[in-house]
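In what follows, a single structure is set out as structure tokens and then discussed.
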Amino acid sequence: MRIDTDVVIVGTGVAGLFSALHLPRDKNIVMITKSDLTSSDSYLAQGGICVLRDETDYDSFMEDTLRAGHYENNKASVDLMIRSSREIIDELLSLGVRFHTERTADGTETLAYTKEGGHSKARILYHEDITGEEITSKLLKAVQALPNITIYEHTAMTDLIVEQNICQGIIAEDNNSTQMMIYARDTILATGGIGGLYEHSTNFLHLTGDAIRLAKKYD
């Protein structure tokens, strides 16, 4: 089975869904996921999402993040994460994501922030104890409403299509053992972590670091 598309995205967690929403609407997009649409670590995440409160919070946020990463972090990446966090939160709110709110003394409703491990200040937004489900479900709803995106569930990537050292798409297989050759001008690997490789993990067992393994193969 051959499929030709503009973009193929492997993974339907927050990374894959957010990527799909930021691609041009005139591009045909194919997304695949190993299991069903709710079986991602993004969906299971219980904690909250950190955000820059204001410019006075920047130095503290940076130091907290570097310290939690034993100062092995890429500072440019940390800076990008911190400075873009408010914009991303605003976009999530526009998509209908609900974060916990509280009322100020004058009765105004405002976002409520809490603290989590590694943070010295309250800068975490959350939705009850199912923040991941709240965010992922709203992103998924937005993606499913777009006519240029097709999603294949229970479909696993088995290899990359590489010609003349250039990625041309992926090879995948569904749960009926039907092989799919998905050719695309651009390929996005958003396959999650490697927790499933370990004997004991709170991750889904099908999160086995496929993107890392295949990227290493063609390194």
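Note on segment 1-156: dipole from Cβ charges, positive end direction compared against 156, 118, 12; the farthest Cα belongs to 156. Only protein atoms count toward the accessible area here, which uses a 1.4 Å probe; on the chain, the carbon and sulfur part of that area reaches 50 percent. The aspartates and glutamates within cross-link reach of residue 75, meaning a Cα-to-Cα straight distance under 13 Å and a gap of 8 or more places when in the same chain, are 59, 63, 64.
For the chain, the relative contact order works out to 30 percent when only alpha carbon pairs closer than 8 Å and six or more residues apart are counted. Taken about its Cα centre, the chain carries a charge dipole of about 240 debye when Lys and Arg each add +1 at the Cβ and Asp and Glu each add -1 at the Cβ. A DSSP coil position with no more than 11 other Cβ atoms inside 10 Å describes the following GluC sites (Glu not before Pro) in segment 33-92: 72.
Candidate cross-link partners of residue 216 among the aspartates and glutamates, defined by an alpha-carbon separation under 17 Å and a same-chain spacing of 8 or more, comprise 159, 163. Over segment 155-208, Cα pairs under 8 Å with separation of 6+ residues give a relative contact order of 23 percent.
Once a ≥ b ≥ c are taken as the square roots of the eigenvalues of the Cα gyration tensor of segment 1-47, is the result rounded (a/c under 1.5), prolate (a/b larger than b/c) or oblate (a/b not larger than b/c)? The partial results should precede the final answer.
Details: a/c = 4.19, a/b = 1.60, b/c = 2.62.
Oblate.
By the rule of a C-alpha distance below 25 Å, with chain neighbours fewer than 8 residues away ignored, the lysines paired with residue 141 are 27, 34.
Applying a DSSP loop filter and a limit of 11 other Cβ atoms within 10 Å to the trypsin sites (Lys or Arg not before Pro) in segment 1-94 leaves 25.
The residues of the chain have, on average, 57 Å² of accessible surface per residue, using a 1.4 Å probe with all protein chains present.
Mind checking segment 108-215 for trypsin sites (Lys or Arg not before Pro) that DSSP puts in a loop (not H, G, I, E or B) and that have at most 16 other Cβ atoms within 10 Å? Spell out each step's value before the answer.
Numbers: sites: 115, 121, 123, 138, 141, 185, 213; in loops: 115, 121, 123.
When the trypsin sites (Lys or Arg not before Pro) of segment 108-215 are filtered for loop state and at most 16 Cβ neighbours within 10 Å, 115, 121 remain.
Take the alpha carbon gyration tensor of segment 25-65, find the square roots of its eigenvalues, order them as a ≥ b ≥ c, and report rounded if a/c is under 1.5; if not, report prolate when a/b exceeds b/c, else oblate.
On the way: a/c = 4.11, a/b = 1.89, b/c = 2.18.
Taking the square roots of the gyration eigenvalues as a ≥ b ≥ c, segment 25-65 is oblate.
With +1 on the Cβ of every Lys and Arg and -1 on the Cβ of every Asp and Glu, and nothing else charged, how large is the dipole of segment 167-219 about its Cα centre, in debye rounded to the nearest 20?
160
When only alpha carbons are used to place a centre, segment 89-117 and segment 129-182 end up 31 Å from one another.
Our summary gives segment 35-87 a relative contact order of 42 percent, counting only alpha carbon pairs under 8 angstrom and 6 or more residues apart. If both residues of a DSSP beta bridge must be in segment 1-125, then about 60% of such bridges are antiparallel. Dividing the summed -39500 (n - 2.57) terms of all DSSP H runs of n ≥ 4 by the residue count of the chain sets its mean residue ellipticity at 222 nm at -9000 deg cm²/dmol.
Accessible area per residue (1.4 Å probe, heavy atoms of protein chains only) ranks 61, 204 as 204, 61, with the largest value leading. Assuming a ≥ b ≥ c are the square roots of the Cα gyration tensor eigenvalues, decide whether segment 89-180 counts as rounded (a/c under 1.5), prolate (otherwise, with a/b larger than b/c) or oblate. Cα axes put segment 89-180 in the prolate bin. Taking the charge dipole of segment 53-98 about its Cα centre, with +1 at Lys and Arg Cβ atoms and -1 at Asp and Glu Cβ atoms, the residue from 94, 76, 58 reaching farthest to the positive side is 94.
The values are calculated or read from the model by the stated rules, or taken from the named source; none is laboratory data. All values derive from a computational prediction rather than experimental measurement. Quick reminder, even Gly has a Cβ in these numbers, built from the backbone with ideal geometry, and neighbours come from all protein chains shown. Just so you know, the surface numbers come from the protein's heavy atoms only, side chains and all, with ligands and any DNA or RNA stripped out. Shrake-Rupley method; radii C 1.70, N 1.55, O 1.52, S 1.80 Å.
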